[in-house]
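Chemist: Take a look at the following structure, please.
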Amino acid sequence: MPQRRSHVAPSAAQTELATALAVLRESLDAPVEFPAGVIAEAEATTVVTPDLDLRDVPFATLDPEGSRDLDQAFHLERAGSGFTVRYAIADVPGFVKPGGAVDAEARRRGQTLYAADGSIPLHPRVLSEDRASLLADVDRPALVWTFALDDSGAVSEHRLERALIRSRAQLDYVSAQQALDRGEDGPWSLLPEIGALRIAQEQQRGGASLNLPSEEIVQADDGSYAIERRHPLPIEEWNAQLSLMTGMAAAEVMLDARVGVLRTMPQPDEASFDAFRHQTEALGRPWTSGRYGNYLRQLDRADPMTLPVLEAAAMLFRGAGYVVFDGTAPTDAEQAAIGAPYAHATAPLRRLVDRWSLAICLAASNGEAAPAWARESLAELPTLMQESGQRASRLNSATINAVEAALLTPLVGSVVNATVIELRGERASIQIADPAVTATAPIPAGAKPGDVVALRVVRADIARGEVEFAL
């Protein structure tokens, strides 16, 4: 679908928005600046050069344009009737000293936070955007997963090794997709084929992908803010399959070692399935049979009803959490949406838990016991990640609310058209196309999901991030 970008033009509303975003950042229950001791330790960190040298392998990274915290690099090649996939992960366990100042500060933060006016990184930028990042044309230590895939895309073998690599190219999603569409060869050439096979594997497992449009705050050159919504490009979905494959391999390694941390999600209960079926019927796109993952895959992105269906499907993707274990593997280890046990193990620069997963997997791959520091602190991880996840959610929600209020400020008193997404008693979740705003509002009697209703913008409070509508 085409990108929709609604800007808050430079004005009194823009000034008020900038103030509101600054207050929001300051009000976060999270550290923003790094203490001097943490910076000093990060700058002084030395890493032993790995014995395995894979610098002759032409790895490449694939991220949003302008990214500096590059966690993963990939290399794809044919191997007989199948494929060899190498997936290199930034060697954060090698850079962060257990019990040191950087470690302690990372545990306080939990994950990188993304604000409208910049990120609040998990690690000092000298690590996350420089020395540990898999930037192009520099030597970097990495934890490299090597996968053997058969002609159906199934993994027949995998291993994890610490190695020295050198990425050859820093790719971004948009440019790489355009190159693919033009039929150009490059590091991405096998990604559509392998990605499609892995999606077929997901389908066989009973997995499901929600693939809601992303909703991001972007800042233009003139300082104005915008909300940008877009569906993931095909290349993003194929690339995500490499990460999912790695997370499943990490879970397998830790389950075999009987120590580790998994990302789990329960199967939706029948009440949730019934509610979703009712929503799809109301939207005129009924889910009548088969697995819900297959139903979601078959939705037409060009259909205006697809977005309301995906919004309704969010109820099926709830309850995700972390389970730690040491000595006895958990009985219910599956991540329901993936259809297999799964671990977060591919974003250690931006997410705390991945460092534990990688350190444990590397030890197990070398026939060694899990590091003592990792075992001793396993029990802390679910709480640390839950707290950081809540901070990230609050920041994202409050930021979007403030920007949406600023977008609607010039329209106070005006009438706008909105699509009903989900009924909530006498109110509903609604979506305005231009400016791109999602909110709750009263709706006419008898309105149902998918209907377009006319609403008057009554109030837009930027400081509070509140908007009010009337019929």
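The values are calculated or read from the model by the stated rules, or taken from the named source; none is laboratory data. For clarity, every value in this text was computed on a predicted model and none was experimentally measured. Every residue, glycine as well, gets a Cβ built from its backbone with ideal geometry; the counts of neighbours run over all protein chains shown. Note: areas computed on protein heavy atoms with side chains; ligands, DNA, RNA excluded. Shrake-Rupley method; radii C 1.70, N 1.55, O 1.52, S 1.80 Å.
Chemist: Being over 30 Å from Arg394 (Cβ atoms), crowded, with 17+ Cβ neighbours inside 10 Å, among the polar types (S, T, N, Q) and at pLDDT 95 or above is the requirement here; does Gln170 meet it?
Modeler: yes
Chemist: Which pairs have Cβ atoms under 7 Å, sit 6 or more apart or on different chains, and link a residue in the range 18-38 that is over 29 Å from Asp461 (Cβ atoms) and open to solvent by less than 40 Å² (accessible area, probe 1.4 Å) to one that is among the aliphatic types (A, V, I, L, M) and in a helix (DSSP H, G or I)?
Modeler: Val38/Ala101; Val38/Val102
Chemist: State which residue is nearest to the chain's Cα centre (by Cα) when the search covers only the range 378-395 and only residues that are modelled with pLDDT of 95 or more and among the aliphatic types (A, V, I, L, M).
Modeler: Met385
Chemist: Still on this structure, please answer the following. Conditions: (1) at pLDDT below 95; (2) farther than 17 Å from Leu210 by Cα. Phe325 meets all but one. Number of the miss?
Modeler: (1)
Chemist: If we only count strands (runs of 3 or more DSSP E) wholly inside the range 23-111, which ones have 3 or more residues that are out of contact with any Gly (no Cβ under 8 Å at 6 or more places or on another chain) and closer than 19 Å to Leu127 by Cβ?
Modeler: Output list reads 82-90.
Chemist: Do any residues in the range 360-378 that are under 11 Å from Met254 (Cβ atoms) have Cβ atoms under 7 Å from those of residues that are modelled with pLDDT under 95 and open to solvent by 60 Å² or more (accessible area, probe 1.4 Å), where the two are at least six apart or on different chains, and which pairs are they?
Modeler: Going by the 7 Å Cβ cut-off, there are no qualifying pairs.
Chemist: Could you please find all residues in the range 443-463 being without any contact (Cβ under 8 Å) to a residue 60 or more places away in the chain and of a type in the set (Val, Ile, Thr)?
Modeler: Within the range 443-463, Ile443, Val452, Val453, Val457, Val458 meet the criteria.
Chemist: State yes or no: is Gln431 without any contact (Cβ under 8 Å) to a residue 12 or more places away in the chain and not charged (D, E, K, R)?
Modeler: no
Chemist: Hey, could you check the range 272-290 for residues that are open to solvent by 70 Å² or more (accessible area, probe 1.4 Å) and assigned to a helix (DSSP H, G or I) and say which is farthest from Val324 (Cα to Cα)?
Modeler: Glu281
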